[in-house]
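The values are calculated or read from the model by the stated rules, or taken from the named source; none is laboratory data. This structure is a prediction, so every number in the text was calculated from the model and none was measured. Cβ placement follows ideal geometry from the backbone for every residue including glycine, while neighbour counts extend to all protein chains displayed.
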Amino acid sequence: MAKSLGVPLIVTRELRKVFRSAKRSPGPLGALRGLFAPVYEDRVAVAGVSMEIERGELVGYIGPNGAGKSTTIKMLTGILVPSGGEIAVAGIVPHRKRRENARNIGVVFGQRTQLSWDLPLVDSFELLRAIYGIPADRYRRSLDDFVELLEMGDFLRTPVSQLSLGQRMRGDFAAAMLHEPPILYLDEPTIGLDVVAKEAIRTFVERVNREQGTTVILTTHDLADVERLCRRIVLIDRGRIIFDGPIERIKNEYGRERTLVVRFTEPTSAPAIPGARLEASDGITARFVFDRASQRADRLVREVSERYSVEDIAIEEPELEGIIRHIYTQGYAGEERSA
Amino acid sequence: MLAAYLQYWKINLLTMAEYRADFFMWLGFTIVYHGTALAALAVTMMRFPSMNGWSLREMFFLYALWMAAHELHNALFYNVMYVPEYIREGRFDRFFVRPFDTLFQVLTVPSRTFPDGFILGVVTLAIATGVAHVHLSLQTVLVIAAVVCGGAGIDLGISLFVASLSFWTIRVDTLRWAVMSLEQDFTRYPISIYTRAVRVVLAYILPFAFMNYFPASYLLGKHDAAFGLSPQVGLLTPLIGLLWSGCSYLFWRIGINRYQGTGS
């Protein structure tokens, strides 16, 4: 499995997936026509994705619903056969050597558990131990480690059907990592979880990445996951990659606007500062938006304190969430700008 | 793979011990189910001392042969039933991310399948063998064992075929129930009592007749009046079981390929 150095762990080139479905013509004659002369409708889910992921990376693969995230993950895991392009995971074409590929990967689908519903958590783990032929001592060690790290001690013997979502997800993470795969795919792993469970899982992912060098591909809607864990993000929209790079870059390019929040000591109507745009005001608190590149924060702070009687001032940095939302609605222009 | 299979059974049996009430409920259900069928048979036979030359004792053996095979199928392959559900609910994906054959993984999903029915079937078959005065020798015991395995193979082949259809997003529930009731209704009596069309279906299309009618005819030394075939056809059961399950497995593979193309 140890391929020659220098080859990225995961490579896709012009990866495509087109779903073909029979289109139903209206009316009773339409059904008949569909039987003899079916009309097909093609839906392009992934339209030429090329990326390279190095060993040990922790990549956020994000995009709106229907952008092609899950379809890409399904091709990487060997569930789906691509319609075109190339794909290699640790030197293996996943759908051709599905079983071999399966030994290299761990998968967590946030929406669907892979644990056995009726069984205590530990029985599912035992089954996985037998499936992967994990040596007894290594299994013991990993299990003890995971139980401690994910705080599963209290519910290890509880049937999965009686676990809370957060407990179940922790079980799913342990189940995905028990055979110590070099690659971990996470598809919406924190969906619907409370803060505590989210934190436990993020810490877990961080640790397996750091200590075992596990390469992690994370698909999520919760950008706080990405912000916390990933250095690199790949943004996909309508089946195409629209951004691939470090989070800082996307922040620099899009997060140019900062917000100055000012609290006045007395009600102030229509406050104004040159160089900043008033975004909102309720008389006591006002929010000014300004361009980081052209305006200096300290000048604005001075300006506002000279003009008004100010009680408190804060500067808000742009959040990834807002940036991404902006890109989806406005489109990404970074390619042209950086080219 | 063997280690995984053994672990699966270990867990199954442990679960059986844990859910004892559940287990006894199922055992009770199985007893009532087969008991009712046998009672109905007895009631029918009070009116007719023999049916196309088959006595009640012999029909008890006929039923027990089917029961053992069918229950063996239930013990080993019952999970095939859940495949349409897995596909419909999007839970099928997970079988691709583990390093085993997809069907093997379906069969080893722990789902409270207990071998109680099979044990009951073997006991019933042993009793019926005595009641029907089947000549006992090492050879007949081996034949009976092979026929039971072959019969389970026929059952598996047919249920696997029906389940595989759901890869083409076909709703198979109705078909599954139709096939199941066909099996349950028409294996109880010697098929020689049915019309030609039914006999052809049961012998050549959905070969349930090979689960019990043909092998029972052979073991009881009965001449088959329905088809005019040599009694030795009853020995073909293992071969037909192998053929049906083998072909259905190929069909399953085609379905898997389709699933990997469409993802649904």
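Brief remarks follow.
- Per this entry, B:A126 is not counted among residues that are in contact with a Lys or Arg (Cβ under 9 Å, 6 or more places away or on another chain) and modelled with pLDDT of 95 or more.
- B:V172 vs. criteria aliphatic (A, V, I, L, M) and under 24 Å from B:Y82 (Cα atoms): yes
- Residue count for region B:120-147, restricted to those that are crowded, with 16+ Cβ neighbours inside 10 Å and outside any helix (DSSP H, G or I): 2
- Between B:F208, B:F227, B:F161, B:F186, the distinction of being in contact with a Ser or Thr (Cβ under 7 Å, 6 or more places away or on another chain) and under 19 Å from B:M59 (Cα atoms) belongs to B:F208 only.
- Any hit, region A:241-257, residues being over 30 Å from A:L15 (Cβ atoms), in contact with a Lys or Arg (Cβ under 7 Å, 6 or more places away or on another chain) and loosely packed, with under 14 Cβ neighbours inside 10 Å: no
- Among the residues listed as B:R91, B:R47, the single one being within 14 Å of chain A (Cβ to nearest Cβ) and of a type in the set (K, R): B:R91
- Qualifying residue in region B:156-171 (condition: at pLDDT 95 or above and farther than 16 Å from B:W252 by Cα): no
- Residues of region B:1-22 that are within 7 Å of another protein chain (Cβ to nearest Cβ) and in contact (Cβ under 8 Å) with a residue 24 or more places away in the chain: B:A4, B:Y8, B:I11, B:T15.
- Qualifying residue in region A:86-96 (condition: under 25 Å from A:D225 (Cα atoms) and within 21 Å of the chain's Cα centre (by Cα)): yes
- Scanning region B:189-207 for residues being assigned to a helix (DSSP H, G or I) and not β-branched (V, I, T) gives a total of 7.
- Pick from region B:236-264, criterion aliphatic (A, V, I, L, M), over 22 Å from B:E89 (Cα atoms) and buried (at least 18 other Cβ atoms within 10 Å of the Cβ), ranking: nearest to the other protein chains (Cβ to nearest Cβ): B:I240
- Test: A:I201 is touching a residue at least 12 places away in the same chain (Cβ under 8 Å) and surrounded by 14 or more Cβ atoms within 10 Å (Cβ to Cβ): yes
- Where a residue in region A:310-339 is among the hydrophobic types (A, V, I, L, M, F, W, C) and its partner, wherever it lies, is part of a helix (DSSP H, G or I) and at pLDDT 80 or above, with Cβ under 6 Å and at least six apart: A:I313/A:V301; A:I315/A:A297; A:L320/A:L223; A:L320/A:E227
- Members of region B:160-193 that are acidic (D, E), touching a residue at least 12 places away in the same chain (Cβ under 8 Å) and surrounded by fewer than 19 Cβ atoms within 10 Å (Cβ to Cβ): B:D173
- In region A:148-158, the residues that are part of a helix (DSSP H, G or I) and either within 12 Å of another protein chain (Cβ to nearest Cβ) or surrounded by fewer than 19 Cβ atoms within 10 Å (Cβ to Cβ) (or both): A:E148, A:L149, A:G153, A:D154
- Test result for B:L65, modelled with pLDDT of 90 or more, closer than 29 Å to A:L127 by Cβ and of a type in the set (A, V, I, L, M, F, W, C): no
- Matching entry among A:A293, A:A286, A:A270, A:A280 (being buried (at least 16 other Cβ atoms within 10 Å of the Cβ), without any contact (Cβ under 8 Å) to a residue 40 or more places away in the chain and small (G, A, S)): A:A286
- Count of residues meeting criterion [surrounded by 14 or more Cβ atoms within 10 Å (Cβ to Cβ) and farther than 15 Å from B:C149 by Cα] in region B:53-69: 10
- Residue in region A:295-307 that is closer than 30 Å to A:N65 by Cβ and either touching a Lys or Arg at 6+ places or on another chain (Cβ under 6 Å) or among the hydroxyl-bearing types (S, T, Y) (or both) present: no
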